[in-house]
Amino acid sequence: MQQFTDQTGFTIQLDSQPKRIVSLVPSQTELLYTLGLEEKVVGITKFCIHPEHWFRNKTRIGGTKGIHAEKIFSLQPDLVIANKEENLQAEVELLRSWVPVWTSDIDTLDAALEMIQQVGALTGEIEKAATLIQQISTAFAQLKPASYSATVAYLIWKKPYMTVGSDCFISDMLKKCGFTPAFDHLQRYPEISAADLQAAAPEFVFLSSEPYPFKEKDIEELKLLLPASRILLVDGEMFSWYGSRLQYAPEYFQDLIDQLGANP
């Protein structure tokens with residue numbers, strides 16, 4: 001029997017390597033795929049869109065919030081993988097009464113790499129996890145951040161506008177790019193007004209592709225509000241998915257930095 005303490009400080013016990021895994025977190029579902037656990041993952045959420053063939057063929061157990069507990073129980077998992085931010089505590093605790101639940105808590109790149117290492121240990125894929133961590137670390141080490149700390153307002157929602165505070169993974173990604181988050185004095189995902197945006201006067205506004213799917217029409221609306229800001233759509237998965245997608249994020253960030261002329 002092995003004990004594993006998750007990133008929230010909760011300890012689980014596993015009698016053996018898990019053979020039936022349910023993932024409640026899209027980015028961690030993709031990580032499980034990268035670690036080669038095709039045959040062991042039996043359930044995913046409706047938001048676990050990567051890889052596509054898993055999304056099409058794996059049993060869906062509801063959303064990241066609003067899980068279908070009975071469907072999960074029917075799959076007879078021996079491990080559930082969750083996340084403190086993306087899943088509801090009450091639902092996690094319900095599952096814990098029946099099955100080991102390992103929960104991540106990620107607000108920085110270092111925490112994401114720690115999660116990958118621990119999931120590798122949980123699933124018996126330590127070497128694959130170590131290789132992935134090295135690839136991600138090397139890619140970020142090669143990233144050339146913006147040469148000046150341009151202020152960025154990163155929007156994740158509309159009506160009301162919502163942005164990212166200092167203790168969010170997205171904020172850490174912005175800082176890795178050399179940018180200064182416009183609302184770094186706030187925490188979590190604060191609601192902000194049009195007046196707040198104008199007062200912040202960000203040099204750049206990034207409109208995320210998720211969870212709210214910003215479109216070109218949103219750029220035109222914000223241009224009226226922020227005529228001096230450069231506004232563009234960005235790939236939310238690159239900024240917020242903290243699993244194996246991180247190996248591709250630095251290249252995307254570099255292209256974005258270069259496109260903005262922030263690293264002449």
Just how large is the dipole of the range 151-260 about the Cα centre, in debye to the nearest 20, putting +1 at every Lys and Arg Cβ and -1 at every Asp and Glu Cβ?
-> 160 debye
Report the charge-dipole magnitude of the chain in Debye, nearest 20, computed about the Cα centre from +1 at each Lys and Arg Cβ and -1 at each Asp and Glu Cβ.
-> 480 debye
When the charge dipole of the range 43-168 is computed with +1 on Lys and Arg Cβ and -1 on Asp and Glu Cβ about the Cα centre, the Cα farthest towards its positive end, among 147, 115, 50, belongs to 50
Roughly how many debye, to the nearest 20, is the charge dipole of the range 105-177 about its Cα centre, given +1 on each Lys and Arg Cβ, -1 on each Asp and Glu Cβ, and no other charges?
-> 480 debye
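Could you please report the charge total around residue 252, scoring K, R as +1 and D, E as -1 over all other residues with beta-carbon less than 10 angstrom from its beta-carbon?
-3
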Column: log10 I(q)/I(0), Debye, Cα scatterers of the chain, q = 0.10, 0.13, 0.16 Å⁻¹ | -0.53, -0.86, -1.18
Diffusion constant of the range 2-139 at 20 °C, which comes from Stokes-Einstein with the Kirkwood Cα-pair radius and 1.002 mPa s, µm²/s = 145 µm²/s
The range 140-171: which chymotrypsin sites (Phe, Trp or Tyr not before Pro) are DSSP loop and have at most 14 other beta-carbon atoms within 10 angstrom?
-> 148
Amide H to amide H under 5 Å from residue 79: which residues, 5+ apart in sequence or cross-chain, H placed 1.01 Å off N in plane?
-> 20, 22
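Rounded to whole Å and ordered largest first, report the semi-axes of the equivalent ellipsoid of the range 94-179 derived from its Cα gyration tensor (root of 5λ).
Those come to 29, 22, 8 Å.
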Rounded to whole Hz, the Karplus (6.51, -1.76, 1.60) HN-Hα couplings of the range 74-80, x for glycine and proline | 5, 7, 6, x, 10, 7, 10
Binned Cα-Cα distances of the range 151-260, short to long, each 10 Å bin given as a whole percent = 15, 53, 30, 3
Multiply the residue separation of residue 258 and residue 7 by 0.36 nm, subtract the distance between their alpha-carbon atoms, and state the gained length in nm to one decimal.
-> 86.9 nm
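Where a number appears in this text, it was derived from the coordinates with a stated rule and is not lab data. All figures in this text were calculated on a predicted structure; none of them were measured in a lab. Note that each Cβ is placed from the backbone with ideal geometry, even for glycine, and that neighbours are counted across all protein chains shown.
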